[in-house]
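Derivation of every value follows stated rules applied to the coordinates shown; laboratory data play no part. Here the structure is a predicted model, which means the values were calculated and not measured. All Cβ positions, even for glycine, are placed from backbone atoms using ideal geometry, and neighbour counts span all protein chains on display.
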Amino acid sequence: MGEKKKEKLQEALQLLEAIQDSTTVANLVVAADYSIISYNRRFREFLSKYWSHEVSVGEIAINFVHPDNLVDFKREFAQALAGKIIRAEHSFTTRNGETMWIAVEYHPVKILSNQENKVALSFRNVTRERRYEQEITAQNKKLKEVAFVSAHQLRGPITSLLGLTNLLSDQPIDWEDTKVYIQKIKELSGLLDFEIRYLVSKTEEI
């Protein structure tokens, strides 16, 4: 190969490496035996942060797969090795007890016809998005509780109060059962006050 071709090839490789390192997604290429062929800066930073390990070419990729996800990883990797593009998402528990979610893509790579397929993996940490979704789900649950209280538990006491006041207004002032109705109104008013306080506490949690 001529010197000029070598220089152009070197420039192309350097440009490709610079593009890989500028992405926010961790990328690596893995051989059929799980050995790492190449990786970008994001993958190196990921291993350094979460595994306290400085990666190098030739290491075995499955050594850095969390045990919770190893079976899924091997299955998805085999599918990609056979020529299928795979998109998946996995969660696992970190050493500090927190849950982390990782979105992974597997792309089959074949450079020469006489070579085995390799797999290009890209992954990113989607923990923040999943936690936000969990917060939204929790808020929706609380809103449903508030709606239930509003529609059912408050409606009963209010209906009873209206009925009692109608009865009182239709009876003479000296009616002997007036005290009974007044006591019922007090009880229902107390129940209504309790439900309203509960409703307010739920809305404050949202």
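If you count, for each residue, the other Cβ atoms within 10 Å and average over each peptide, how do 39-51, 178-190, 67-79 line up from highest to lowest? Don't skip to the end; give the middle numbers.
Numbers: 39-51: 16.8, 178-190: 12.8, 67-79: 14.5.
The most tightly packed comes first, giving 39-51, 67-79, 178-190.
Provide the gained length on full extension for the span Ser52 to Leu199, in nm with one decimal, where the gain is 0.36 nm per separating residue minus the Cα-Cα distance. Write out the running numbers ahead of the final one.
Working: separation 147, 0.36 × 147 = 52.92 nm, distance 4.81 nm.
Result: 48.1 nm gained on full extension.
Between Ala78 and Gln139, how many nm apart are label points set 7 Å from Cα along the C-beta direction?
Each label point is offset 7 Å from its Cα along the Cβ direction, giving 4.3 nm.
Averaging over all projection directions, find the projected area of the Cα convex hull of the range 47-149 and quote it in nm² with one decimal place. Intermediate results must be reported in sequence, preceding the final value.
Numbers: hull surface 36.3 nm².
Quarter of the Cα hull surface area: 9.1 nm².
What is the calculated FRET efficiency for Thr24 to Ser150, with r their C-beta to C-beta distance and R₀ = 30 Å, to the nearest 0.05? Each step should come with its number before you reach the end.
On the way: r = 44 Å, r/R0 = 1.47.
Computed FRET efficiency for Thr24 and Ser150: 0.10.
How far apart, in nm, are the 7 Å Cα→Cβ label points at Arg128 and Glu89?
Spacing of the two 7 Å Cα→Cβ label points: 1.6 nm.
Under a Cβ-Cβ cut-off of 13 Å, what is the net charge of the residues other than Glu116 that fall near it, where Lys and Arg count +1 and Asp and Glu count -1? Write down the numbers at each step before the final one.
Details: positive: Lys110, Lys118; negative: Asp33.
Surrounding charge for Glu116 is +1.
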